[in-house]
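As structure tokens, the structure follows; a few thoughts come after it.
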Amino acid sequence: MNYGKYQKTFSLSVPVERAWQAFTDAKDLEVWLTGTVEETDVRPGGRIAWAADDYGQLVWSIVDADPPNKLVYKEGATFLPAESEVTVTFEEQGSGTRITVTQAGFGEGEDWQTHLDNVGLGWVQTLAALDLYLRTGVRYDRFFTFQSGLGMLTDDLLAGPVVLSVDDGAFAAKAGIQPGDIILKLGGAPVFSRSDLWMFTREHPIGTEIDVTYAREGEILTARAALTEPT
């Protein structure tokens with residue numbers, strides 16, 4: 001992975017035409033993404049738009065389309081602080097399809113790399129719903145399930161998630177967390193990565209008061225605050 005670009009290659013156990021349909025058909029998109037698709041015009045200048053539960057409207061503005069081989073679209077700053085461009089290629093692989101997703105346009109710098117890493121986790125967890133559906137016919141959302149938020153941007157170190165920034169008024173700020181702190185524990189659960197943080201906010205609703213333990217400059221600190229809205 002390089003600054004400014006996320007890329008993932010994976011395989012689906014369906015023909016190319018079916019894989020293309022999964023990325024462009026309204027009913028399929030509603031299986032592995034959140035909300036209700038309102039518009040699907042998969043032509044350059046067109047867009048795919050849907051009302052996403054708890055996230056407002058999401059829009060893919062189509063830049064290029066070569067069915068069923070390539071789809072290029074721009075995604076607005078909904079989950080990220082800036083617009084990005086996504087290229088999806090579809091290649092025949094035996095009886096299945098090899099897909100490469102490239103998302104670019106994040107810029108450079110430490111915080112951008114962290115946003116980029118979060119995008120990678122999001123793709124992996126979202127695509128799990130797509131693969132599950134194509135393999136079994138079962139729809140089950142495991143990504144868009146956040147009940148609350150911590151209000152901090154983190155990066156993964158071997159020691160644990162290190163805080164890069166804190167949102168004013170959110171849980172982290174109320175708990176006295178600062179950039180540079182390493183999160184060790186939430187409630188009664190030890191924390192080793194951002195995935196653990198995501199899991200916690202999926203299990204606990206807004207307003208839940210929890211203890212958080214973190215390390216700072218030779219000290220271990222513990223504070224208590226209420227979980228705030230997802231960000």
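Number of residues in segment 193-205 that are surrounded by 15 or more Cβ atoms within 10 Å (Cβ to Cβ) and part of a loop (DSSP other than H, G, I, E, B) equals 2. Filtered by the rule that a residue be under 15 Å from Leu153 (Cβ atoms) and part of a loop (DSSP other than H, G, I, E, B), segment 176-190 gives Ile177, Gln178, Pro179, Gly180, Asp181.
From the list Ala172, Ala159, Ala215, exactly one residue is touching a strand residue (DSSP E or B) at 6+ places or on another chain (Cβ under 6 Å), hydrophobic (A, V, I, L, M, F, W, C), surrounded by 17 or more Cβ atoms within 10 Å (Cβ to Cβ) and outside the structural domain of Ala82 (by TED's automatic domain parsing). Which is it?
Answer to the check: Ala172.
Within the set Thr40, Thr34, the sole residue that is over 16 Å from Leu127 (Cβ atoms) and polar (S, T, N, Q) turns out to be Thr40. Could you figure out which of (1) in contact with a Pro (Cβ under 8 Å, 6 or more places away or on another chain); (2) small (Gly, Ala, Ser); (3) under 30 Å from Phe23 (Cβ atoms) isn't true of Ser165? With (1) in contact with a Pro (Cβ under 8 Å, 6 or more places away or on another chain); (2) small (Gly, Ala, Ser); (3) under 30 Å from Phe23 (Cβ atoms) applied to Ser165, the lone miss is (3). Filtered by the rule that a residue be among the small types (Gly, Ala, Ser) and without any contact (Cβ under 8 Å) to a residue 12 or more places away in the chain, segment 211-231 gives a lone residue, Gly218.
The values are calculated or read from the model by the stated rules, or taken from the named source; none is laboratory data. The structure displayed is predicted, hence computed values, not measured ones. Ideal geometry is used to build each Cβ from the backbone, glycine not excepted, and the neighbour counts take in all protein chains shown.
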